[in-house]
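Visitor: Shown below is the structure under consideration.
Only the coordinates and a few stated rules stand behind these numbers; no lab work does. None of the values given here were measured: they were computed from a predicted structure. Glycine also receives a Cβ, built like all others from the backbone with ideal geometry; neighbour counts cover every protein chain displayed.
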Amino acid sequence: MLDLIIIGAGPGGYEAAFEAARLGLSAALVEKEVLGGTCLNRGCIPTKTLIHAADVYREIEECGRFGIVSGRPSVDMKMLQEHRKTTVESLQKGIAMRLKAAKIPVYQGTGTIQSDEENELDSGKEKQVCVTAPDGSETLLEAKNILIATGSVPSVPPIPGSDLPGVMTSDDLLFYDGEPLESLLIIGGGVIGVEFAGIGQSLGTKVTILEVLPSLIANMDRELGQSLKLSLKKKGADIHTGAKVSALAQTPEGICCTYTEKDGEHSCTAQAVLIATGRRAYTGGLFSAGCTPEMERGRILVNDWYETSIPGIYAVGDVNGQIQLAHAATAQGLRAVRHIAGRAVDAEPDLIPSCIYSSPEIASVGLTAEEAKVRGITAKSHKILSSANGKSVLTLQERGFIKVVYETDTHVILGVHLLCARATDMVSEFAVAIREKLTLEQMAAVVRPHPSFSEMITEAVRI
Ligand code: FAD
Ligand code: NAI
């Protein structure tokens with residue numbers, strides 16, 4: 001009998017498998033599709049591959065600003081998609097090689113958690129997973145523990161017309177290989193919405209965003225959403241916040257969307273529509289009768305080390321609906337496996353940075369000033385602009401900022417919110433600082449290279 005069966009080979013599942021092997025547990029991985037999960041196949045890696053290509057395109061278009069003379073570029077969507085495919089395949093091979101080296105068997109098929117009279121799930125005894133392969137054959141696996149890492153799928157609201165051809169989720173638009181779109185309407189101004197808006201804008205697509213809340217990326221520091229909106233608008237996007245979509249309909253000009261704002265009903269028409277209104281936990285085919293742990297609105301409920309209401313069954317990543325990020329899924333998987341192996345688990349919750357690969361990039365870690373206030377912490381913010389940073393000026397970056405939130409008395413750093421070039425890399429330095437409870441002065445004492453974007457960090461922590 002195995003120590004652990006892991007269901008789902010995304011960043012939650014496969015990294016948990018490596019950790020299990022490292023800690024001497026016997027483990028097997030079950031995956032119904034291909035290695036890498038949403039992140040590698042339909043999420044992080046394909047989007048960032050397209051974003052990088054779109055950035056290169058824009059740089060070539062704008063290279064005259066640096067004194068470089070070049071012809072007008074054009075996009076070959078088929079070649080771009082080929083690049084996405086080979087990137088993904090290369091990383092898939094890497095995961096497969098690492099699993100082989102760690103001697104973790106992979107079972108291809110849908111895993112279903114089973115129970116029978118003698119194998120009462122909550123008795124803490126062995127557990128069974130039936131793997132149904134694509135050809136219908138079944139394999140029964142037994143283990144002391146199960147880790148569920150089955151991820152999430154797009155959540156599409158019941159908007160009339162959302163099933164029209166040309167209305168897509170990120171799962172479809174990522175694979176689009178036709179001529180670059182003339183116009184794209186994006187419903188949802190969250191992370192997926194703004195990242196696809198950036199790709200579209202760079203490639204010359206007219207972008208419209210309809211967001212129901214009063215701001216874009218509403219769960220981040222307010223100023224980030226405001227600045228991002230200004231930046232997207234400056235590049236030609238039409239953005240409506242506080243907009244409630246009522247219907248989509250096919251017309252000879254394209255797909256027409258009707259929506260209401262404060263001042264009444266409006267409409268806009270686009271060649272294609274992206275629905276990016278959030279993702280829901282996926283548990284299709286996962287539980288046979290009598291073995292469903294406690295759930296809330298489709299997500300599996302877990303405790304601090306990600307154990308469900310059934311002892312020995314854990315759930316990490318998007319399926320528990322806490323934070324839908326790849327590195328959060330991995331961190332949760334490692335924590336769950338350490339608990340299964342009887343190792344000490346850090347009492348502090350993991351500190352998870354959030355990044356948006358817009359242009360300029362956005363990144364946050366720790367508390368906003370408002371969140372600090374809610375927790376009863378007396379805090380202040382210090383904000384610096386990127387316009388005095390040598391590297392930002394010489395590379396002609398858009399204006400951005402870094403805002404550091406710190407405790408007023410102690411100067412301990414509580415959070416940081418960045419909108420600037422390399423924000424998604426620089427945020428890690430602050431993650432270390434916050435985790436180690438460093439003060440502004442300790443961060444300022446570090447000598448950073450010149451010229452570099454990271455010199456902005458020194459400026460941001462000097463008050
Ligand atoms: P998943 O990666 O979804 O993996 C779950 C796996 O389980 C899948 O392979 C699925 O086939 C398998 N599975 C499901 N049910 C069963 C079953 N019963 N039996 C066997 N196998 C099963 N996050 C970031 O941190 N950075 C980003 O830049 C980023 N970009 C994103 C861009 C897009 C467009 C999207 C959609 C998401 C993005 N995310 C990003 C989020 C990230 O992809 C997810 O948070 C992450 O993949 C969650 O990992 P997971 O292991 O929980 O699940
Ligand atoms: P999201 O939750 O970030 O944003 C969805 C947005 O749609 C919200 O602002 C919401 O108010 C809005 N919305 C919902 N219903 C609507 C309606 N009917 N009309 C108009 N607006 C509506 O979800 P999103 O963008 O789909 O992304 C899913 C998850 O994927 C994110 O939570 C994120 O964790 C992850 N992701 C992470 C990325 C990264 O780390 N760079 C990139 C892309 C996705």
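Visitor: Cα centroid distance between the range 288-349 and the range 448-463, in Å?
Guide: After rounding, the separation between the Cα centres reads 38 Å.
Visitor: Rounded, prolate or oblate: which fits the chain when a ≥ b ≥ c are the square roots of the eigenvalues of the alpha-carbon gyration tensor, with rounded for a/c under 1.5 and prolate only if a/b beats b/c? Please report the intermediate quantities before stating the final value.
Guide: On the way: a/c = 1.72, a/b = 1.27, b/c = 1.36.
Oblate, since a/c reaches 1.5 and b/c is not below a/b.
Visitor: Using the beta-carbon distance between Phe175 and Ala445 and R0 = 35 Å, what value does 1/(1 + (r/R0)^6) give for FRET efficiency, to the nearest 0.05? Let's see the in-between values first.
Guide: On the way: r = 49 Å, r/R0 = 1.39.
So the FRET efficiency works out to roughly 0.10.
Visitor: Return the lysines within reach of Lys380: Cα separation strictly under 19 angstrom, same-chain partners fewer than 8 residues apart disregarded; answer none if there are no such residues.
Guide: Those lysines meeting the cut-off are Lys403, Lys437.
Visitor: Among Tyr314, Tyr259, Tyr306, Tyr282, what is the fewest-to-most ranking by other Cβ atoms within 10 Å?
Guide: Values: Tyr314 30, Tyr259 20, Tyr306 27, Tyr282 17.
Taking fewest neighbouring Cβ atoms as first place, the list is Tyr282, Tyr259, Tyr306, Tyr314.
Visitor: Test of understanding: ordering His411, His450, His417, His52 by Cβ neighbours within 10 Å, fewest first, what list do you get?
Guide: Lowest count first: His450, His52, His411, His417.
Visitor: Determine which aspartates and glutamates satisfy two conditions relative to Lys229: a Cα distance under 19 Å, and not lying fewer than 8 residues away in the same chain.
Guide: Result set, ordered by chain and number: Asp55, Glu195, Glu211, Asp221, Asp238, Glu261, Glu361, Glu398.
Visitor: Assign unit charges at the C-beta atoms only (+1 for Lys and Arg, -1 for Asp and Glu), then state the dipole size of the chain relative to its Cα centre in Debye, rounded to the nearest 20.
Guide: 1260
Visitor: While we're looking at this one, here's another question. Enumerate the calculated ³J(HN,Hα) couplings along the range 253-265 in order (Karplus 6.51 cos²θ - 1.76 cosθ + 1.60, θ = phi - 60°), each rounded to whole Hz, writing x wherever the residue is Gly or Pro.
Guide: With coefficients 6.51, -1.76 and 1.60, one gets 7, x, 8, 9, 10, 9, 8, 10, 10, 3, 8, x, 8 Hz.
Visitor: Mind checking the angle between helix 11-22 and the chain's longest principal axis? C-alpha axes, 0 to 90 degrees, to the nearest 10.
Guide: Approximately 50 degrees, to the nearest 10.
Visitor: Please give me the summed charge of the neighbours of Ile384: other residues whose Cβ is under 9 Å from its Cβ, Lys and Arg +1, Asp and Glu -1.
Guide: Values: positive: Lys383, Lys403, Arg462; negative: Glu459.
Local charge sum for Ile384: +2.
Visitor: Report ³J(HN,Hα) in whole Hz for each residue of the range 142-158, in order, from the Karplus equation J = 6.51 cos²θ - 1.76 cosθ + 1.60 where θ = phi - 60°; Gly and Pro get x.
Guide: My calculation for the range 142-158 gives 10, 7, 6, 9, 10, 10, 8, 9, 8, x, 8, 9, x, 9, 10, x, x Hz in order.
Visitor: Also, I was wondering about something else. For the pair Arg98 and Ser288, how long in nm is the line joining their label points, each one 7 Å along Cα→Cβ?
Guide: For Arg98 paired with Ser288, the spin-label model returns 3.3 nm.
Visitor: Determine the equivalent ellipsoid of the range 191-342 by diagonalising the alpha-carbon gyration tensor, then write out the semi-axes as square roots of 5 times the eigenvalues, largest first, rounded to whole Å.
Guide: Computed over the range 191-342, the values are 39, 19, 14 Å.
Visitor: Just give me a number: lysine pairs in the range 1-154, eight or more positions apart or cross-chain, with C-alpha atoms less than 26 Å apart.
Guide: Within the range 1-154, the lysine pair count is 22.
Visitor: While we're looking at this one, here's another question. Taking the 0 to 90 degree range and rounding to the nearest ten, how far is the long axis of helix 222-234 tilted relative to the main principal axis of the chain, both from C-alpha atoms?
Guide: 60
Visitor: Find the relative contact order for the chain and round it to a whole percent, using C-alpha pairs within less than 8 Å whose residues are 6+ positions apart. Could you put the intermediate results ahead of the total?
Guide: Numbers: 960 pairs, mean separation 65.4, N = 463.
Relative contact order of the chain: 14 percent.
Visitor: Please give the charge dipole size of the range 354-451, origin at the Cα centre, charges +1 on K and R Cβ atoms and -1 on D and E Cβ atoms. Round to the nearest 20 debye. Walk me through the intermediate numbers first.
Guide: Numbers: 11 positive and 10 negative charges, 27 e Å.
With only Lys, Arg, Asp and Glu charged at Cβ, the dipole is about 120 debye.
Visitor: OK, next. Could you give me the ³J(HN,Hα) list for the range 61-77, computed from phi with Karplus coefficients 6.51, -1.76, 1.60 and θ = phi - 60°, whole Hz, x at Gly and Pro?
Guide: Whole-Hz 3J(HN,Hα) from phi for the range 61-77: 4, 9, 5, x, 5, 9, x, 9, 9, 8, x, 5, x, 9, 10, 9, 4.
Visitor: Work out the charge dipole of the chain with +1 on the Cβ of Lys and Arg and -1 on the Cβ of Asp and Glu about the Cα centre, then indicate which of Thr439, Thr112, Ala281 is farthest towards its positive end.
Guide: Thr439
Visitor: Within a Cβ distance under 12 Å of Glu179, other residues only, what is the Lys/Arg minus Asp/Glu net charge?
Guide: Working: positive: Lys78; negative: Asp76, Asp177, Glu182.
Once all neighbours under 12 Å are counted, the net charge is -2.
Visitor: Find how many whole Å separate the alpha carbon centroid of the range 144-208 from the alpha carbon centroid of the range 246-286.
Guide: Their Cα centres are 11 Å away from one another.
Visitor: Under 5 Å between amide hydrogens, which residues at least 5 positions from Lys144 or on another chain qualify, with H placed 1.01 Å from N in the peptide plane?
Guide: For Lys144, whose amide H was placed from the backbone, the distant partners under 5 Å are Leu2, Asp3, Leu4, Lys127.
Visitor: Please work out how much length the chain gains when fully extended from Cys63 to Ala247, using 0.36 nm per residue of separation minus the C-alpha to C-alpha distance, in nm with one decimal.
Guide: Values: separation 184, 0.36 × 184 = 66.24 nm, distance 4.14 nm.
Extending this stretch completely gives an extra 62.1 nm.
Visitor: Separate question: When the Cα centres of the range 32-91 and the range 380-412 are compared, how far apart do they sit, in Å?
Guide: Taking the Cα centre of each part, the range 32-91 and the range 380-412 sit 29 Å apart.
Visitor: Which peptide among 36-47, 159-170 comes first, and what is the full order, when sorted by highest mean count of other Cβ atoms within 10 Å? Mind showing how you got there, number by number?
Guide: Numbers: 36-47: 23.0, 159-170: 16.2.
Highest to lowest by the protection proxy: 36-47, 159-170.
Visitor: Return the Cα extents of the range 28-148 along principal axes one, two and three, sorted largest first, each rounded to a whole Å.
Guide: 76, 29, 25
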